[in-house]
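Below: one structure, written as structure tokens.
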Amino acid sequence: MSRLLATGGTGFVVSNVVLRWLERDPAATCIVVDAAEPDRAAGWFFAPVHDRLRFVRADVREPWEWLSPTELAEVTHVVHGATITSSTSAEAPLVLDVNVGGTEAVLDWAQKLPALRRLVYVSSGAVYGDAGTTAGQKLVSEEHAVAPSTPYAESKVSAERITDDHRVRLGLDAISVRLSTVYGPMDRHTPARTVESIPFTVARTAVRGERITVDSLDGRGDWIHARDVAEAVVALLTQPRLEHSVYNVAYGQLVSVGELLRIAAGAVPGVEYSVVAPERAAVRCRHWRRGPAWGAYDTARLRNELGWRPTPLADAFADYVGWLSDTMTQGQGAVA
């Protein structure tokens, strides 16, 4: 039997990893550790697999009290995704404390797990920064220099280095994944997550039947569906041998806002949009960033080692729209 422990598992990205972990193996179980209790959205999302889930409300910086000795012996895989996404200078101390201090605590704790096979640390393409290679000129590979420009990005670089130190110096089977902009099921505002991606805004506005206002059709993004991320992370957790310690997880190409709107119109008949002044736009992309963090990521490592491929954007976005529509039907306003 395989048992996953997932930190941040009631949040956005990791909740999708947890669900995929349990879907792929009917005998698998999972322990979700999060600072927050499961909300209405999480309860609805995990309903099909709730009997194989246990939730532990705890501080990621204090892992030693999470589990009993028996439960510790049963954990075979760990996904560490608990994070604070804020990049404001006022919250920088908390971001560094949770994202860096919490990661170090989790890795030290994981070192003691007798049955652990692999740990995946969930990092971000934000580590590539805003300066240097102009987005769109070439794919951004894992070999690209890191140049963090926000407290959040700095925290991710530091946490990656701590993860690699545990791998090299202490022999922990641990890797990092760098995500491009993720959208999809369970994306919602929480105390730890306050960002909104362009697909997030476009999909919700379309499903509500409202006109989408944008300040430009030229902005672009490497947008990856959360279920594709989950598929990649679970594959990395379970692959017997990996050739690298860091992997990009991304769609792998830039898509324009104009193309995204055309896809939205195909997924939700009757969608309308207008190009308006920035101060009136729900989707603002005129000042689209052009550093490597905002470029298209190279996913050759994932594709070559694991045979992973992202879902075509039109299909993935339609899936997201369908999920949003279902949550509205079920009365889950917290996620829609």
Q.
From the list Val229, Val234, exactly one residue is part of a helix (DSSP H, G or I) and either among the charged types (D, E, K, R) or within 22 Å of Val127 (Cα to Cα) (or both). Which is it?
A. Val229
Q: Please state which one of Thr213, Thr190 is touching a residue at least 40 places away in the same chain (Cβ under 8 Å) and more than 21 Å from the chain's Cα centre (by Cα).
A: Thr213
Q. Which residues, counting only those in segment 132-165, are more than 16 Å from Ile84 (Cα to Cα), modelled with pLDDT of 95 or more and among the hydroxyl-bearing types (Ser, Thr, Tyr)?
A. Ser141, Thr163
Q. Would a scan of segment 208-219 turn up a residue that is charged (D, E, K, R), buried (at least 19 other Cβ atoms within 10 Å of the Cβ) and under 26 Å from Arg178 (Cα atoms)?
A. no
Q) Of the conditions (1) on the phi > 0 side of the Ramachandran plot; (2) in the same structural domain as Gly125 (by TED's automatic domain parsing), Gly209 fails just one. Which one is it? A) (2)
Q) Val202 passes all but one of (1) outside the structural domain of Ala41 (by TED's automatic domain parsing); (2) in a loop (DSSP other than H, G, I, E, B); (3) modelled with pLDDT of 95 or more; which number fails? A) (2)
Q.
List pairs: first residue in segment 310-326 and surrounded by fewer than 18 Cβ atoms within 10 Å (Cβ to Cβ), second residue assigned to a helix (DSSP H, G or I) and among the acidic types (Asp, Glu) anywhere in the structure, Cβ distance under 8 angstrom, at least six positions apart or on different chains.
A. Thr311/Asp228; Thr311/Asp319
(Q) Could you check segment 158-187 and list, in sequence order, the residues that are in contact with a strand residue (DSSP E or B) (Cβ under 9 Å, 6 or more places away or on another chain), without any contact (Cβ under 8 Å) to a residue 60 or more places away in the chain and either within 18 Å of Val234 (Cβ to Cβ) or of a type in the set (A, V, I, L, M) (or both)? (A) Asp173
Q.
Would you confirm, using the coordinates I've provided, whether Pro191 is within 27 Å of Ala92 (Cα to Cα), at pLDDT below 95 and assigned by TED's automatic domain parsing to the domain that holds Val14?
A. no
Q: Keeping to segment 216-226, report how many residues are farther than 15 Å from Ser274 by Cα and either under 13 Å from the mean Cα position of the chain (by Cα) or in a loop (DSSP other than H, G, I, E, B) (or both).
A: 5
Q. Does segment 293-320 hold any residues that are assigned to a loop (DSSP other than H, G, I, E, B) and among the polar types (S, T, N, Q), and which are they?
A. Thr299, Thr311
(Q) For segment 216-239, which positions are among the polar types (S, T, N, Q) and outside the structural domain of Tyr128 (by TED's automatic domain parsing)? (A) Ser216
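The values are calculated or read from the model by the stated rules, or taken from the named source; none is laboratory data. Because the structure is predicted, anything quoted here is derived from the model rather than measured. Quick reminder, even Gly has a Cβ in these numbers, built from the backbone with ideal geometry, and neighbours come from all protein chains shown.
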